[in-house]
Every structure is written in C-alpha cells, then in structure tokens.
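The values are calculated or read from the model by the stated rules, or taken from the named source; none is laboratory data. Just so we're clear, the structure is a prediction, and the values are computed from it rather than from any experiment. In this analysis, Cβ positions are derived from the backbone assuming ideal geometry, glycine residues included, and neighbour counts consider all displayed protein chains.
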Amino acid sequence: MRRLKAVIKKEFLHILRDPKSLTIVFIMPVIMVFIYGYAISYDLKRIDAAIIDYSNSRYSKDLIKLFQNNKYFKLINLIGEKKLIEKAEKLLQGGKIKEIIIIPPDFSKKIAKGEKGEIGLTIDGSDANTANIVYQYSEMIIKTYTLSLQRKSVPYTVKTKVYFNPELKSSYFFVPGLIAILLLMVSALLTSLSIAREKETGSLELIFVSPLKSVEIIIGKTIPYVFIALSEGVIILLFAYFWFKIPIRGNLLSLTFFSLLYIIAGLSLGIFISTSSEDQRTAMLGSLMLTMLPSIMLSGFIFPIKSLSKTLQTFTYIIPATYYLKIIRGMVLKGASMKSFVTEGTVLAGMSIFLLLVSTIKFSKERSKSK
C-alpha cells in the first residue's frame, strides 16, 4: 500500500503542476455540451412552405387557414402569379422553402360531391430527417381537415400521452448522450498521456528500476484520474440539469456507481493506449480515434443500433458508450432502477478488468525488455 500511495501521490503532483491543462479538461466538456446541446437537434421550429391554390374556393381557403394557424408553418401564397410551379420549384431548389402545397382546380367540386380531393405535396428531401418531419406535420393538418368535413361525428377519440419527454425536446435525448461521449473521451485522454509523458521525459526508466510492481504502477496511475473524471461528470450533469433543464429522475447513487464503472473502463482504455504509444501526440490521437468516432457513430448516440448493418452492429458490443448510453438515458430520463442495468454494468466492469490486465501485461513486457 505504501508503494501504491507513492505512485498515486506522484501522479497527483503531476496533475497539480499543470493547472492549465486541468482547467481545459474541466471547461472544454462544458463548452462542448453547451454547443452540441443546441447544435444537434431534431426539433423543427419553422417550416417555410409555398402554397398554390388553383381551386380558390371556400374549401381550399379553410385548408390554407389550418396551415396558417399552425405555429410551425410560414406560408408563401403564390395565388395570381404566372408560372407558379416553376417559381415554387426554384424556391425549393434554392433552399428558401421546404415544401410546396398544391391544391388542384377540381378540389372544391370533389369535396362538395363527397369524393376524395387530392392535395399535392412536394417536399425537399435533401435532409431526410427534416423531410420526414415536414411530411408528418402536413399529413396531420390534412387529416384534421378531412375529419372536420365529415358530417357524422367520429365514433371514437384518441388521447395521446407521451412519457419521459412530453414536449419531445431533442435536448432530452442528446444531452445525456453527450455526457456519455465526453466522459469516455476525457477519461481515455487523461490516462493515455500519463505513461506516454513518462516515456518522453525519460522518467519511465526510473520507474522501471524501482521496486514498484507493474500492476501497482498501472493502478496508481489510474486512481487519481478516477476522482478527476467523476468530478467532471458531476459538473457536466449539473450544467445539463440547470441550463438545459434535463430532469434527473433516477437514483443518484446508482447513477454514480455505474458512472464509476464507465469511467474506469475509459481510464483503462487510456492506459492501454498509453502503453502502446511512444509519445503524447500519438497517445492523444489514438485516444480520440478510439473514443469519439466509434462512440458517436456506433453507440446509438445519434443513429439507432438496429438501423445499422449487421456487420457494424457487431462492433457496437465492444464500445463502452453503447452500454452507458442505455444506463444514463434510462436513469436520468425514465427513472429506471439499478436492477434494469445489471447486464450493462457487468459488461463495463468486465471491460475495465480486461483492459487493465492487458495493459499490465504489456507494461511488464516493456519493463522486461528495458532490463
């Protein structure tokens, strides 16, 4: 224990001697949460649409009013102008509008006869997600109009209740995910520089000839960063709670326990990268490559795992963020209990043990070679 305490104390001194880097480590994630919390969003607050009314009747005007009264739609009415379709298509092509709504000349006649009136929707599909939302909003308004035309009352009513995110805010989904991505990235980055720094300064040779065991060196270099990463996680979570109003419905002690497992997995990955790198630059690039890109693209942070190909789905099982994303979203948003994530917690613990063992073995081999 004395030898282990000495390594921990030495690592803490290294951290305290570089306050600028420590400040960046704490401030950078908060800035990233602030930027990405607003930048990454599925919310669509305004839909610019051109409407072409060839019918110009009471029925068509009633439909137009429904679009106008909707808070999301901002209409450009092209009534009375020549070459309406061509102008509307140019607006669509130039990105000025997202949709063209076309009401045909026989719309009112068909409605009056009780027949189905056709409405044309031309949507900008360059952004598939936005196009899907525009279509859903338009379809909802048209269905509301169709129901209002029915003389007989509808025999049933539908009451919808949305749990966990009643206002359907994208920030509720993305911000907890950002916490998971940043925790892994920072954890791996912190420890990936530790042994690489010793190699650059030449002090690693002194550690090799010391009576310290390899496992003591690895654990001693990991423990100080556990406290730093956990403190950072608390700061980010508090920022998300007070700034983005993200609710924390789950048990904080349970969340802390799983966060510790996740942080240790990230630190262990950083130690593994550090033992495999010759300098700090290589260690930094390696930690960013192995944490940010896979975690963002393959963990379920943005894209659902089930939507990926079967080949890519197999890679998701070796990414720590895949498991922690389920935990933090389940606990923070849904208030899920600890029992719901026993499997995820076990996998994270297994990953930590495996990476620490591999790092210790690799470090021992390097130590033997130096002798």
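The single residue among L238, L168, L182, L255 that is of a type outside the set (S, T, Y), at pLDDT below 85 and within 19 Å of the chain's Cα centre (by Cα) turns out to be L168.
Inspect all residues belonging to segment 268-280 and state whether any of them is in a helix (DSSP H, G or I), acidic (D, E) and at negative phi.
no
Can you tell which of S231, S268, S259 is small (G, A, S) and surrounded by fewer than 16 Cβ atoms within 10 Å (Cβ to Cβ)? Of S231, S268, S259, the one residue that is small (G, A, S) and surrounded by fewer than 16 Cβ atoms within 10 Å (Cβ to Cβ) is S231.
Scanning segment 35-44 for residues that are buried (at least 16 other Cβ atoms within 10 Å of the Cβ) and either assigned to a helix (DSSP H, G or I) or of a type in the set (D, E) (or both) yields Y36, G37.
Only one residue in E118, E139, E99, E86 is assigned by TED's automatic domain parsing to the domain that holds R58 and in contact with a strand residue (DSSP E or B) (Cβ under 7 Å, 6 or more places away or on another chain). Which one?
Working: E118 fails: in contact with a strand residue (DSSP E or B) (Cβ under 7 Å, 6 or more places away or on another chain); E139 fails: in contact with a strand residue (DSSP E or B) (Cβ under 7 Å, 6 or more places away or on another chain); E86 fails: in contact with a strand residue (DSSP E or B) (Cβ under 7 Å, 6 or more places away or on another chain).
Just one listed residue meets the conditions, E99.
Just checking, does segment 299-308 include any residue being in a helix (DSSP H, G or I) and under 28 Å from I235 (Cα atoms)?
Step one: filter segment 299-308 for residues in a helix (DSSP H, G or I), giving 305-307.
Remaining after also requiring under 28 Å from I235 (Cα atoms): none.
No; the residues of segment 299-308 include none that is in a helix (DSSP H, G or I) and under 28 Å from I235 (Cα atoms).
Name the single residue that is modelled with the highest pLDDT among those in segment 61-109 being more than 21 Å from G125 (Cα to Cα) and of a type in the set (G, A, S).
To start, the set of residues in segment 61-109 that are more than 21 Å from G125 (Cα to Cα) comprises 61-66, 68-71, 77-83, 104-109.
Okay, now just the ones that are also of a type in the set (G, A, S), so 80, 108.
Details: G80: 53, S108: 84.
Across segment 61-109, the extreme among qualifying residues is S108.
If the condition is being in contact (Cβ under 8 Å) with a residue 12 or more places away in the chain, part of a loop (DSSP other than H, G, I, E, B) and either touching a Cys at 6+ places or on another chain (Cβ under 9 Å) or closer than 14 Å to Y59 by Cα (or both), then segment 106-148 contributes D106, G117, E118, I119.
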